[in-house]
Amino acid sequence: MDGEELTEQETALYDRQIRVWGADAQRRLSKSHILVCGMKGTVAEFCKNIVLAGVGSVTLMDDRVVTEEAFSANFLIPPDEKVYAGKTIAEVCCSSLKEFNPMVRVSVEKGDLSNFDAEFYDKFDVIVVSCRSITTKKLINEKCRKLSKRLAFYTVDCRDSCGEIFVDLQNHKYSKQKLEETIECQLQFPSFEEAISVPWKVLPRKVSKLYFAMRVIERFEEAEACTPGETSIADLPAVLKLKKELCEANSLNASHIPDSLLERLIMGSKEFPPVCAIVGGILGQEVIKAISGKGEPLKNFFLFDVMDGKGIVEDVSNPNTESE
């Protein structure tokens, strides 16, 4: 991001935000470029938040055609066939997002993100990926890490009344306020592959049951070559069998991952709009913190289950990953 100053128009439009986090943070936002892959309800909420906050540009990727299920939780898709007929989800969402803030450039990129080269990735400061397989998440995260510049990487997924965010900011420097003093801090983040490879038996016992349940579902979808989020109740016996195998292999008591939770996750192909708003809002805040360098980012999983009524941050890191 360059050192250009805010224009008079930007200063006037974002006056309230500038009063909260300062002109330098707003300048960083206004020069940032965000790539979003997978336009479901949670991601729609996230995009709305960052467009209103005044990022420089948002590029959307989702070549799926619009279906009734697509607009059930995605408020960016009008339930009018005349509007979305013949268009991809990304194209329809792009048109809607432009109306929120005309100063933000919103565009569409077609294709499979995992097939793009480093030159394409290098255009962005943040990449957000949703509803992709373990293999795809690992691959995209690895491409982000191979760049000469630091590229923030996030995954976000909501299943029924549960949601999860993963964050990789690599080596991230930020400032935070402590009383009247500004403290400069640094955090070292593991990659997605490093994080999910941490043996369950070395994790604290208090780690959220949702974290383990999400890993079981991911592994099942990968093994069965299922499209993420398209499991059904018919898959429950096989999912429970896999849970038992993974728990035995990782010395984890199987009761720590309730069967009822796994049942909710595999049946919840449709997102729950209130959960989309919560998780999408948290993701928006985290991306703004990462871009501005102000405020302590979450490290490195955020998990939300409406049944518990609270969000939990879990630091699932390689033992060799150190924070300063």
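Worth pointing out:
- Rounded to the nearest 0.05, the FRET efficiency derived from the C-beta distance between Leu52 and Asp80 at R0 = 30 Å is 0.80.
- For the chain, the Kirkwood hydrodynamic radius comes to 20.5 Å, computed from all pairs of different C-alpha atoms.
- Judged by the mean number of other Cβ atoms found within 10 Å, the most tightly packed of the peptides 194-201, 279-286, 261-268 leads the ranking 279-286, 261-268, 194-201.
- The range 228-324 shape via C-alpha gyration tensor axes, a/c threshold 1.5: oblate
- About the centre of its Cα atoms, the chain shows a dipole size close to 420 debye [charges on the beta carbon of Lys, Arg (+1) and Asp, Glu (-1) only; nearest 20 debye].
- Considering only Ala254, Gly111, Ala225, the residue lying farthest towards the positive end of the dipole of the chain is Ala254, judged by Cα position with unit charges set on Cβ.
- For Val58, residues with placed amide H under 5 Å, excluding near neighbours: Ile34, Arg105, Val106, Ser107
- Modelled this way, with points 7 Å down the Cα-to-C-beta line, the labels at Ile183 and Glu8 are 4.2 nm from one another.
- Ranked by the mean number of other Cβ atoms within 10 Å per residue, highest first, peptides 164-172, 134-142 order as 164-172, 134-142.
- For the chain, the residue among Ala85, Val66, Ala195 whose Cα projects farthest onto the positive side of the dipole built from Cβ charges is Ala195.
- Rounded Å value of the spacing that divides the Cα centres of the range 9-45 and the range 102-178: 16
- Accessible surface computed residue by residue for the chain, with neighbouring protein chains in place and a 1.4 Å probe, gives 47 Å² per residue.
- For the chain, the membrane-span-like helices by this rule, meaning whole DSSP H stretches whose C-alpha atoms cover at least 24 Å of axis and whose Kyte-Doolittle mean is 0.5 or above, are 273-292; this says nothing about an actual membrane.
- Net charge dipole size for the range 109-240 [Lys, Arg +1 and Asp, Glu -1 on Cβ; Debye, nearest 20]: 520
- Apolar share of the accessible surface for the range 180-285: 52 percent from carbon plus sulfur atoms, 1.4 Å probe.
- Distance (nanometres) between label positions extended 7 Å along Cα→Cβ at Ser251 and Asp117: 4.7
- This model, with +1 at the C-beta of Lys and Arg and -1 at the C-beta of Asp and Glu, gives the range 160-308 a dipole about its Cα centre of some 460 debye.
- The alpha-carbon positions of the range 1-88 define a convex hull whose volume is 117 Å³ per residue.
- Site pair Glu263 and Cys226 shows an inter-label distance of 1.6 nm when each label is modelled 7 Å from Cα along Cα→Cβ.
- Signed unit charges on C-beta, dipole axis of the chain, positive-most listed residue Leu13, Ile183, Ser95: Ile183
- Note on the range 1-144: with neighbouring protein chains present and a 1.4 Å probe, carbon and sulfur make up 49 percent of its accessible heavy-atom surface.
The values are calculated or read from the model by the stated rules, or taken from the named source; none is laboratory data. For clarity, every value in this text was computed on a predicted model and none was experimentally measured. Backbone-built Cβ (ideal geometry, glycine too); neighbour counts: all protein chains shown. For accessibility, only protein heavy atoms count, side chains too; no ligands or nucleic acids. Shrake-Rupley method; radii C 1.70, N 1.55, O 1.52, S 1.80 Å.
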